[in-house]
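Trainee: What follows is a structure written as structure tokens; I'll ask about it next.
The values are calculated or read from the model by the stated rules, or taken from the named source; none is laboratory data. Since this is a predicted model, take the numbers as computed values, not measurements. Because the Cβ atoms are built from the backbone with ideal geometry, glycine has one as well, and the counts that use them run over all protein chains shown.
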Amino acid sequence: MKRLIIVPLFVILLCCAPFLLFAEEKPAPAVASAPQPEPAADMPFDAQVTLRVLKDGSVQEMTVEDYLVGTLLAEMPADFPAEALRAQAIASRTFALRKAESGKHTGADVCTSYACCQGWTADGTASDIARVTQAVRDTDGLILTYDGTLIDATFFSCTNGRTESALAVWGSDIPYLQSVDSPGEEDAPRYADKVVFSADEFADRITAICPDANLSGSPANWIGSIERTEGGGIGTVFLGGAAIKGTALRSALGVRSTDMDFTVTEDGITVTTHGFGHRVGFSQYGAKAMAEEGSDFQTILAHYYPGTEIKKLLRRTAEQ
Ligand SMILES: [Zn+2]
């Protein structure tokens, strides 16, 4: 019986790109769940490989291209510059193939939950679909690697001006997920936000995650010293005398970012945030700003995932 694999160990020169792309040295993830006919020699990688996508409780098989088009429609505004869309396509392809390798979902390679894997939608105007499809095809088979393996291509909406390191947010020191500058995002729709909590509600939310916090008396005395991360978020804050991680506080308060500032008023406590999301890895609005300044997708990805390489997965072939 024939088995389908990815051709390994090729070095190719793309005639349309001014740089060398090295084919992934390992076989690509075994994401296809069923034997497929041998593809035409010139068929793009993304059209050859299928993903099992868990959506609304059932598994749909679709090509990587169809998956990525739906993912880009869900995850990034289609009117973003082409280079930002291309960068997102590469990040999303890498993210999905790594998820598929991880075996997180039984019977599926990825799901369509924003929180778990990546969003996906079939909805979009004809022009939006055309734009994102072009970005996917322009980057056919391109993935990001570090030390020869797929990276954890995390991404998010917008920063406060800097990204966070994986170490600061998740406790894992990952060489390509470091804190970097991310200017030009002040116009992002969710760049800044304010949430007002009554003193009682604030106290309830804090003591739910940290019963040791003594939130009695005047709220003006509740907020103690704040240790900031390199990315400007709260690393640790003392509330009612108890140390609380910024990530835990963000979750408890349900606010957009760990970059929080507090203002105590008669109405309660106002929490002002800058940035939206975990802020680790690729900033979508940062990519937009870079693209508008003339950066190409290679430059954008090298900025947000330092030390990584873009490689090209090659087409499948038949093996006896
Ligand atoms: Zn998932």
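Trainee: For segment 265-292, what are the residues that are within 15 Å of residue 219 (Cβ to Cβ) and modelled with pLDDT of 95 or more?
Mentor: If the condition is that a residue be within 15 Å of residue 219 (Cβ to Cβ) and modelled with pLDDT of 95 or more, then 269, 270, 271 are the ones that fit.
Trainee: Considering only segment 225-246, how many residues are out of contact with any Gly (no Cβ under 8 Å at 6 or more places or on another chain) and in contact (Cβ under 8 Å) with a residue 40 or more places away in the chain?
Mentor: Of the residues in that region, 2 qualify.
Trainee: Report yes if residue 235 is out of contact with any Phe, Trp or Tyr (no Cβ under 8 Å at 6 or more places or on another chain) and either not acidic (Asp, Glu) or not assigned by TED's automatic domain parsing to the domain that holds residue 302 (or both), otherwise no.
Mentor: It is true that residue 235 is out of contact with any Phe, Trp or Tyr (no Cβ under 8 Å at 6 or more places or on another chain) and either not acidic (Asp, Glu) or not assigned by TED's automatic domain parsing to the domain that holds residue 302 (or both).
Trainee: Select from segment 50-68 the residues that are under 16 Å from residue 99 (Cβ atoms) and touching a residue at least 24 places away in the same chain (Cβ under 8 Å) and list them in ascending order.
Mentor: Within segment 50-68, 51, 52, 53, 54, 55, 59, 61, 64, 67, 68 qualify.
Trainee: If you don't mind, another one. Hey, can you tell me all the residues within segment 247-291 that are charged (D, E, K, R) and either touching a residue at least 60 places away in the same chain (Cβ under 8 Å) or part of a strand (DSSP E or B) (or both)?
Mentor: Residues satisfying the conditions are 256, 259, 261, 267, 279, 288.
Trainee: Applying the selection to segment 101-116, what residues are over 20 Å from residue 276 (Cβ atoms) and near the ligand (Cβ under 10 Å from one of its atoms)?
Mentor: 102, 104, 105, 108, 109, 110, 111, 112, listed by residue number.
Trainee: Among the numbered criteria (1) within 16 Å of the ligand (Cβ to nearest atom); (2) touching an Asp or Glu at 6+ places or on another chain (Cβ under 7 Å); (3) closer than 18 Å to residue 49 by Cα, which one does residue 97 miss?
Mentor: (2)
Trainee: May I ask you to verify whether residue 119 is in the same structural domain as residue 294 (by TED's automatic domain parsing), in a helix (DSSP H, G or I), within 16 Å of the ligand (Cβ to nearest atom) and out of contact with any Pro (no Cβ under 7 Å at 6 or more places or on another chain)?
Mentor: Against the criterion (in the same structural domain as residue 294 (by TED's automatic domain parsing), in a helix (DSSP H, G or I), within 16 Å of the ligand (Cβ to nearest atom) and out of contact with any Pro (no Cβ under 7 Å at 6 or more places or on another chain)), residue 119 does not qualify.
For (1) surrounded by fewer than 16 Cβ atoms within 10 Å (Cβ to Cβ); (2) farther than 28 Å from residue 189 by Cβ; (3) not charged (D, E, K, R), each residue gets a yes or a no:
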residue: 214; (1), (2), (3): yes, yes, yes
residue: 225; (1), (2), (3): yes, yes, yes
residue: 228; (1), (2), (3): yes, no, no
residue: 233; (1), (2), (3): no, no, yes
residue: 244; (1), (2), (3): no, yes, yes
residue: 253; (1), (2), (3): no, no, yes
residue: 256; (1), (2), (3): no, no, no
residue: 261; (1), (2), (3): yes, no, no
